[in-house]
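Down below is the structure, laid out as structure tokens.
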Amino acid sequence: MRFLGNIEAKTDAKGRAFLPAIFRKVLQTGGEERLVLRKDVFQPCLVLYPESVWNEQMDLMRQRLNRWNRQQQQVYRQFVSEVELVTLDGNGRFLIPKRYQRMADIEQDIKFIGMGDTIEIWSNRQAEAAQMEPEAFGAALEALMGKPLPPAPPEGGE
């Protein structure tokens, strides 16, 4: 499942938004019916997880945490308790609850950004502020991807 792209949209007076058709198609192809909505841990945006991706994240997190460690249990509790189950209506709309709108500074103009296996929802203002300057982006990408790949093992296992 790969969500790609950047699509501008609007919420209505009740806080409903249409999930872009291109993203709905990816969900349908993957057999996903429900989504999980959560405020991003690091950025002022919301994240929509297909339910299967959310479940994988929960399994991974649970494997890494010790149930008998107070702080780790608190981190887990806070991470999983601040979510909302989302189901699209027949028109492809879903409700962004008021508390989530406040968390992400969402008024009416929003931007959906495909992040591979999740979809971010940004207020237009916050999305623009979060972008890197082109030169800084190029330098960061070069530092990350410009390293030579390790040599391939010789053929035949020698």
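The values are calculated or read from the model by the stated rules, or taken from the named source; none is laboratory data. Keep in mind that what you see is a predicted model, and the values were worked out from it rather than measured. Heads up, the Cβs are rebuilt from the backbone with ideal geometry, glycines too, and the neighbour counts pull from every protein chain shown. Accessible surface areas use protein heavy atoms only, side chains included; no ligands, DNA or RNA. Shrake-Rupley method; radii C 1.70, N 1.55, O 1.52, S 1.80 Å.
Here is how the numbers come out for the structure above:
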read-out	value
Under 5 Å, built H, 5+ apart or other chain: amide partners of Met115	Phe3, Glu120
R0 of 30 Å, Cβ-Cβ distance Ile22-Glu82: FRET efficiency to nearest 0.05	0.65
Label-point gap, in nm, between Leu149 and Ala13 - each point 7 angstrom along Cα→Cβ	5.6 nm
The range 11-105: trypsin sites (Lys or Arg not before Pro) in DSSP coil with no more than 15 other Cβ atoms inside 10 Å	Lys14, Arg67
Rounded to the nearest 20 debye, dipole of the chain from Cβ charges on Lys, Arg, Asp, Glu	840 debye
Share of carbon and sulfur in the accessible heavy-atom surface of the chain [1.4 Å probe, %]	52 percent
[x] 40, 35, 32; [y] 45, 44, 32; [z] 65, 46, 32, with the label sought being that of the calculated Cα extents along the principal axes in Å	[z]
